[in-house]
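A.B. asks: One structure is given below, represented as structure tokens, and several questions about it will come after.
The values are calculated or read from the model by the stated rules, or taken from the named source; none is laboratory data. What you see is a predicted model, and the numbers here were worked out from it, not measured in a lab. Heads up, the Cβs are rebuilt from the backbone with ideal geometry, glycines too, and the neighbour counts pull from every protein chain shown. Please note that ligands, DNA and RNA were not included when accessible areas were found on the heavy atoms of the full protein model with its side chains. Shrake-Rupley method; radii C 1.70, N 1.55, O 1.52, S 1.80 Å.
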Protein chains: 6
Amino acid sequence: MTGRVIQNIARAEASVIDGLAACGVATVHEAQGRIGLLAAYMRPIYPGARVAGSAVTISAPPGDNWMLHVAIEQLAAGDLLVLAPTSPCEDGYFGDLLATSAIARGCRGLIIDAGVRDVRDLTEMGFPVWSKAVSAQGTVKETLGSVNVDIVCAYQLVRAGDVVIADDDGVCVVRREDAAAVLEKARAREANEEAKRAKLAAGEIGLDLYDMRARLEEKGLRYS
Amino acid sequence: MTGRVIQNIARAEASVIDGLAACGVATVHEAQGRIGLLAAYMRPIYPGARVAGSAVTISAPPGDNWMLHVAIEQLAAGDLLVLAPTSPCEDGYFGDLLATSAIARGCRGLIIDAGVRDVRDLTEMGFPVWSKAVSAQGTVKETLGSVNVDIVCAYQLVRAGDVVIADDDGVCVVRREDAAAVLEKARAREANEEAKRAKLAAGEIGLDLYDMRARLEEKGLRYS
Amino acid sequence: MTGRVIQNIARAEASVIDGLAACGVATVHEAQGRIGLLAAYMRPIYPGARVAGSAVTISAPPGDNWMLHVAIEQLAAGDLLVLAPTSPCEDGYFGDLLATSAIARGCRGLIIDAGVRDVRDLTEMGFPVWSKAVSAQGTVKETLGSVNVDIVCAYQLVRAGDVVIADDDGVCVVRREDAAAVLEKARAREANEEAKRAKLAAGEIGLDLYDMRARLEEKGLRYS
Amino acid sequence: MTGRVIQNIARAEASVIDGLAACGVATVHEAQGRIGLLAAYMRPIYPGARVAGSAVTISAPPGDNWMLHVAIEQLAAGDLLVLAPTSPCEDGYFGDLLATSAIARGCRGLIIDAGVRDVRDLTEMGFPVWSKAVSAQGTVKETLGSVNVDIVCAYQLVRAGDVVIADDDGVCVVRREDAAAVLEKARAREANEEAKRAKLAAGEIGLDLYDMRARLEEKGLRYS
Amino acid sequence: MTGRVIQNIARAEASVIDGLAACGVATVHEAQGRIGLLAAYMRPIYPGARVAGSAVTISAPPGDNWMLHVAIEQLAAGDLLVLAPTSPCEDGYFGDLLATSAIARGCRGLIIDAGVRDVRDLTEMGFPVWSKAVSAQGTVKETLGSVNVDIVCAYQLVRAGDVVIADDDGVCVVRREDAAAVLEKARAREANEEAKRAKLAAGEIGLDLYDMRARLEEKGLRYS
Amino acid sequence: MTGRVIQNIARAEASVIDGLAACGVATVHEAQGRIGLLAAYMRPIYPGARVAGSAVTISAPPGDNWMLHVAIEQLAAGDLLVLAPTSPCEDGYFGDLLATSAIARGCRGLIIDAGVRDVRDLTEMGFPVWSKAVSAQGTVKETLGSVNVDIVCAYQLVRAGDVVIADDDGVCVVRREDAAAVLEKARAREANEEAKRAKLAAGEIGLDLYDMRARLEEKGLRYS
């Protein structure tokens, strides 16, 4: 059941992926109906990064990063590595050498439900990582896992070729086949928010802007 | 029991509030006898902010941010929003639109025993938040809570109009009626520390500065 | 059993300590066979610091920082303070006054399996701290502990005079008597990595660079 | 601010308290509108106990159980001890000697947002405890706290004389002045549930019993 | 995307399901190559239960148990309810009334990545539950979820009709289509273990029984 | 540094070890001055067990239980296995086969700062385990660790031959060379407690029994 590498995966269109990155995690998550958000413990190693890419998925044994080397060969420019261990682990699977190699293949970052190390180097290299932990604890290369199979990463199912968006708010996965439709909704949402933002900045408040007063009263809200 | 909005709350004097902000959390907490510190898991979304304000309190259902809209109408310039969910929740109750609205009312920041999102935008806007989590997970507007009632936020009782101070060390609440007295003590403490700092920087050590040697010996400390 | 201060501790050579700092935690940890890494919950109060020093160890009661004052007198230039409470505690044992005093003695930083406060001041002073928590909660001076005895800090045994290295990846302890040998291995590792980095940056991948393909096939890896 | 003992506290009627115990935590919590539930980390040291009593509250320094001795003198038959430390602590504040003394005063149990020890003895004695931790780590008797002041215990405000109910589902606090009204609602709820239980046991399902089908369809539920 | 109920799901053969229950979680998990184990925080509400059943899956909003009522109608005798909230939640979704109804439909237990209540009643009824938390906090019936869609429960993907095995060691999911093959391997494993157990009980040790000495020596193990 | 097995370890006298077991963890911990208590997350798999034994220590890689087989050969009757992984791990290192083998060697139980499985079987066999987790996740046999070297287990240093006591209150380690002296103090403590217990049961309270009133008054305790 392990030991499989799926080689030719379908990817969403580059313009769609980049459009989703521009919208950011919170907007995309809303636009697709609030599904696909990875657990809040997935944090960026440095603030300010915002990326999207096609997922190259990795199912790895705890404490074993062998499959990362296998996965790097499967990377196309614009991809993100997404790794889930088969049991909980906070060891540092990934450091600056693997990042050097990933960057050479056009990889945009790493999402890892485990640990990462060399974070000062990764920060200087501008290679963003969202992880569960930072740990200098290294890993071995003894046991097979799989690449580009379905994985569960930080509570969410991620499939090879799905679009993953990550920024300071967290990480969100969009099914590849839904990506274009989600982008359209995300952009509509952004346009709508822009108009609201101007009104709110001018001092109008949500109770009026969203016409909430009647329903609040009906629910029984009392002022005193 | 829920569904109440208290409208006209008493506040401490602006000069007292600003004085407490200048002293910072660690000094204020000491000055009032080490009470009122919120749990250490309340962390700022960006480093370096230091604010104080009058608490506009919000008791909200888990995953429901409706009362934030109600609370914003109750804000006066210089206030802080302080939200506690009625059961543990890490969803992102607050983002850039609510912040735009809060800023328009003169609000100085948010203390939330739950999650926040759009943190990159909030950082750019200079709107500080101390929260339990960062999460893009949105909330609904279905169930009433209350505004300006007593709440328990991150283990501490906070009452509407209490002074809340927040910086990189955490968040501390001072009862409104104690604020002036606490400020006086905090300033005395600062003056006292300034003198000590110069001596310590010059190389004098605490064992001598605080005259600790005799008591340590009496307690049985042995050097070898 | 408590109440002891060991005064004259042996230290590693300064050049060895500085060499280990230059290598960093991840490399040193690998070089000594992946032992000595403190728990991943030990995080720096600001990013980018990298230090090494001889451990002046402190065993302190929960919520009592008296022994820090005693320990400061034992500091030599180039030392690190390493504190472990005798039962779990997140109170803020250390702040800007103690840092002022420690800096005056040539101390390079603090490793503390508990809390720290005044972190904005410490950041401005450039005094690095790796801690379990940030908390404004102060401590008392009532009960003796010990200085320069063996302690267990964040899951690792630390002895007075051991070399402690800390950076963004965490904290690692090297036995004093092993320090020179570990440095040699760490440097060899770095030289070796430098060569690999160039090849990886040029596009060669780990599967070829580390000659992994045959062993993966033998273990049963299947491509599809 | 600390060092106070309030001696003569008001209590709810014994029959009301016993009635609330008979209803149990889940029912009482529902009956009072889902407020007052302590955090879910408060667990019983043995299964099967169900008690209610008037709270004798204790605010104690971390790692200091002196005030428990003071509180025991304030106990009347039918009371529960409710202790909250002033900063997080898992030490074992309470063991078999204190339990012997508490039982002699008619105390029904202990609710403690910290640790307890001698749990095998307490189990044999039938003295129930709901705690955050079990720990053999003892405490000191050095610093004053207070008895029968307002405390925040496991996220909830508890006042002296409030009724506290505890069973395998957790711990719930009912304001003293609301106790009779809450009991009435709890009993109505129980009667109502009894009728439903019979129907459900006979095979009727909630969709019909609670008449949910129309609203589900209206919300858009689709069967396939 | 939510609001779906899949009605006619395929199930594994009853004899296979019961066979897997008899083998238990640890053996089944090994037999299928160490995949499918739910997170270790899923604990039984009472010790000693061991069950297997076909999963009726529930995707539920946080704090909303409406879909449990919908799911109960979909139960066949021998099924297990498996619920995952769409964002982390510890509220008590399930209590004795729902259990009464589930038992009437032949349900064997509940696996819930959230909270449960009425645990004393459930224990007396012999209805086993594996949950993340026990909490008296109730839930609402406001928002749709789905039944018998793919869910991620405690880090594992569970599909309707998959076989779920649960005992004191935790919870494991076996794909429906793999169930017969896994059972065969599990039984082979058990037979093999039985023989070993006798030898071990007689005093033979694993170093000899598993012929480990040569490989340990080759790896460099030194006795002193 | 790894890959070592120390074969002939010194042990405390059997009568001393058994005496310490009879006193229990809380008393022994007090008797030796409140040192040596393992972290409170170490919990027994079933209630009621109370054992003491000489530690056979195991330092094991994460997810690798090979050294347990090596350690079993080193067991003498009356020993306890004490395992610490070299980085945090919750996998199930130990199950019923290893227990069968350990029992055949006279082993009294296992202390493991990681996971255990087959807990129902272990409970039936009466083989007690104190662990950080229960998990069916198995381990591999690939990498060497060491046996009977110094380890840090759940925050405490444990040396081969040290006496470890474990019961429902947790786990405590006593240095081998201190064991007889600690036993003497523990027994004195028990005798002293027996007399107090009778007085407390008769209604005398601690304030009088321990003569606390004057010191409380002097510290400023006020009754109102």
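A.B. asks: Restricting the first residue to segment F:17-33 and requiring it to be farther than 12 Å from F:D178 by Cα and touching a residue at least 12 places away in the same chain (Cβ under 8 Å), which pairs with a second residue that is among the acidic types (D, E) and crowded, with 24+ Cβ neighbours inside 10 Å meet a Cβ separation below 6 Å and a spacing of at least six or different chains?
C.D. replies: Listed by first residue and then by second, the contacts come to F:G24/F:D167; F:V25/F:D167; F:V25/F:D169; F:A26/D:D118; F:A26/F:D169.
A.B. asks: Condition check: in contact (Cβ under 8 Å) with a residue 40 or more places away in the chain and touching a strand residue (DSSP E or B) at 6+ places or on another chain (Cβ under 9 Å). Does E:C89 satisfy that?
C.D. replies: Judged against the criteria, E:C89 is not a match.
A.B. asks: I've got another one for you. Could you list all residues from segment B:63-105 that are assigned to a loop (DSSP other than H, G, I, E, B) and among the charged types (D, E, K, R)?
C.D. replies: B:E90, B:D91, B:R105
A.B. asks: What do you reckon, is E:A40 in contact with a Pro (Cβ under 9 Å, 6 or more places away or on another chain), at the interface with another protein chain (Cβ under 7 Å from one of its Cβ atoms) and buried (at least 22 other Cβ atoms within 10 Å of the Cβ)?
C.D. replies: Taking the combined requirement at face value, the residue satisfies it.
A.B. asks: Of all residues in segment D:189-218, how many are over 28 Å from the mean Cα position of the chain (by Cα), under 21 Å from E:A104 (Cα atoms) and open to solvent by 80 Å² or more (accessible area, probe 1.4 Å)?
C.D. replies: Count: 4.
A.B. asks: Are any residues in segment D:112-144 open to solvent by less than 50 Å² (accessible area, probe 1.4 Å), modelled with pLDDT under 95 and more than 9 Å from chain F (Cβ to nearest Cβ), and if so, which ones?
C.D. replies: Hit for segment D:112-144 is D:T139, nothing else.
A.B. asks: Give segment D:55-67 a look and list any residue that's hydrophobic (A, V, I, L, M, F, W, C) and either touching a helix residue (DSSP H, G or I) at 6+ places or on another chain (Cβ under 6 Å) or under 21 Å from B:G33 (Cα atoms) (or both), or say none.
C.D. replies: Correct list: D:V56, D:I58, D:A60, D:W66, D:M67.
A.B. asks: Could I ask something else about it? Determine which single condition D:L200 fails, assuming it passes every other condition in (1) at positive phi; (2) facing another protein chain (nearest Cβ under 7 Å); (3) not polar (S, T, N, Q).
C.D. replies: So the condition that D:L200 fails would be (1).
A.B. asks: Here are the criteria: (1) closer than 25 Å to A:M42 by Cα; (2) modelled with pLDDT of 95 or more; (3) open to solvent by less than 10 Å² (accessible area, probe 1.4 Å). Tell me which single one B:A71 does not satisfy.
C.D. replies: The failed condition is (1).
A.B. asks: Consider B:G145 against the criteria (1) under 19 Å from the mean Cα position of the chain (by Cα); (2) under 30 Å from E:K141 (Cα atoms): it satisfies all of them except one. Which criterion is unmet?
C.D. replies: (1)
A.B. asks: Just a yes or no: is a residue in segment E:51-63 free of Cβ contacts under 8 Å to residues at least 60 places away in the same chain and touching a Gly at 6+ places or on another chain (Cβ under 7 Å)?
C.D. replies: yes
A.B. asks: Quick one: which residue in B:G170, B:G92 is away from chain A (no Cβ under 14 Å), open to solvent by less than 20 Å² (accessible area, probe 1.4 Å) and not acidic (D, E)?
C.D. replies: B:G170
A.B. asks: Still on this structure, I have one more. Within segment E:180-208, which residues are under 12 Å from E:C23 (Cβ atoms) and out of contact with any strand residue (DSSP E or B) (no Cβ under 9 Å at 6 or more places or on another chain)?
C.D. replies: E:E184, E:K185, E:A186, E:R187, E:A188, E:R189, E:E190, E:A191, E:E193
A.B. asks: With (1) outside any loop (DSSP other than H, G, I, E, B); (2) touching a strand residue (DSSP E or B) at 6+ places or on another chain (Cβ under 6 Å); (3) under 25 Å from B:L38 (Cα atoms) as the list, and C:D121 as the residue in question, which single condition is left unmet?
C.D. replies: Unmet for C:D121, out of (1) outside any loop (DSSP other than H, G, I, E, B); (2) touching a strand residue (DSSP E or B) at 6+ places or on another chain (Cβ under 6 Å); (3) under 25 Å from B:L38 (Cα atoms): (2).
A.B. asks: Could you run through segment E:100-122 and say how many residues are farther than 16 Å from E:S135 by Cβ and of a type in the set (A, V, I, L, M)?
C.D. replies: Residues that pass the stated criteria total 4.
A.B. asks: Restricting attention to segment A:50-60, which residues are open to solvent by less than 20 Å² (accessible area, probe 1.4 Å) and within 14 Å of chain C (Cβ to nearest Cβ)?
C.D. replies: Scanning segment A:50-60 gives A:V56, A:I58, A:A60.
A.B. asks: Can you work out which of the residues in segment D:1-34 that are small (G, A, S) and part of a loop (DSSP other than H, G, I, E, B) is nearest to the chain's Cα centre (by Cα)?
C.D. replies: Top of the filtered list is D:G24.
A.B. asks: Further question: Quick one: would you say C:E177 is of a type outside the set (G, A, S), within 14 Å of chain A (Cβ to nearest Cβ) and either part of a loop (DSSP other than H, G, I, E, B) or farther than 14 Å from C:A21 by Cα (or both)?
C.D. replies: no
A.B. asks: Another question, if that's okay. If a residue must be touching a Gly at 6+ places or on another chain (Cβ under 6 Å) and aliphatic (A, V, I, L, M), how many such residues does segment F:69-108 contain?
C.D. replies: Going through segment F:69-108 one residue at a time, the tally reaches 3.
A.B. asks: Being more than 9 Å from chain B (Cβ to nearest Cβ), open to solvent by less than 10 Å² (accessible area, probe 1.4 Å) and either polar (S, T, N, Q) or on the phi > 0 side of the Ramachandran plot (or both) is the filter here; which residues of segment A:1-35 pass it?
C.D. replies: A:G3
A.B. asks: Quick test for you: out of F:A179, F:A160, F:A104, pick the one residue that is under 25 Å from F:D64 (Cα atoms), out of contact with any Cys (no Cβ under 9 Å at 6 or more places or on another chain) and surrounded by 18 or more Cβ atoms within 10 Å (Cβ to Cβ).
C.D. replies: When all the criteria are applied, what remains is F:A160.
A.B. asks: Which of (1) within 14 Å of the chain's Cα centre (by Cα); (2) closer than 21 Å to B:V116 by Cα is the odd one out, the single condition B:D162 does not satisfy?
C.D. replies: In the conditions (1) within 14 Å of the chain's Cα centre (by Cα); (2) closer than 21 Å to B:V116 by Cα, B:D162 misses (2) alone.
A.B. asks: Then there is this: Does F:L80 fit the bill of being more than 13 Å from every other protein chain (Cβ to nearest Cβ) and either surrounded by 24 or more Cβ atoms within 10 Å (Cβ to Cβ) or under 25 Å from E:V171 (Cα atoms) (or both)?
C.D. replies: So F:L80 passes the test.
For (1) farther than 22 Å from A:G92 by Cα; (2) assigned to a helix (DSSP H, G or I); (3) within 14 Å of chain B (Cβ to nearest Cβ); (4) in contact with a helix residue (DSSP H, G or I) (Cβ under 7 Å, 6 or more places away or on another chain), each residue gets a yes or a no:
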site	(1), (2), (3), (4)
A:I165	yes, no, yes, yes
A:L183	yes, yes, no, yes
A:A186	yes, yes, yes, yes
A:E194	yes, yes, yes, no
A:L207	yes, yes, yes, yes
A:D211	yes, no, yes, no
A:E218	yes, yes, yes, no
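A.B. asks: For A:G206, work out the one condition from (1) in contact (Cβ under 8 Å) with a residue 24 or more places away in the chain; (2) more than 16 Å from B:D121 (Cα to Cα); (3) among the small types (G, A, S) it doesn't fulfil.
C.D. replies: (1)
A.B. asks: Also: Tell me whether segment C:146-153 contains one or more residues that are under 28 Å from B:D167 (Cα atoms), at pLDDT 95 or above and surrounded by 24 or more Cβ atoms within 10 Å (Cβ to Cβ).
C.D. replies: yes
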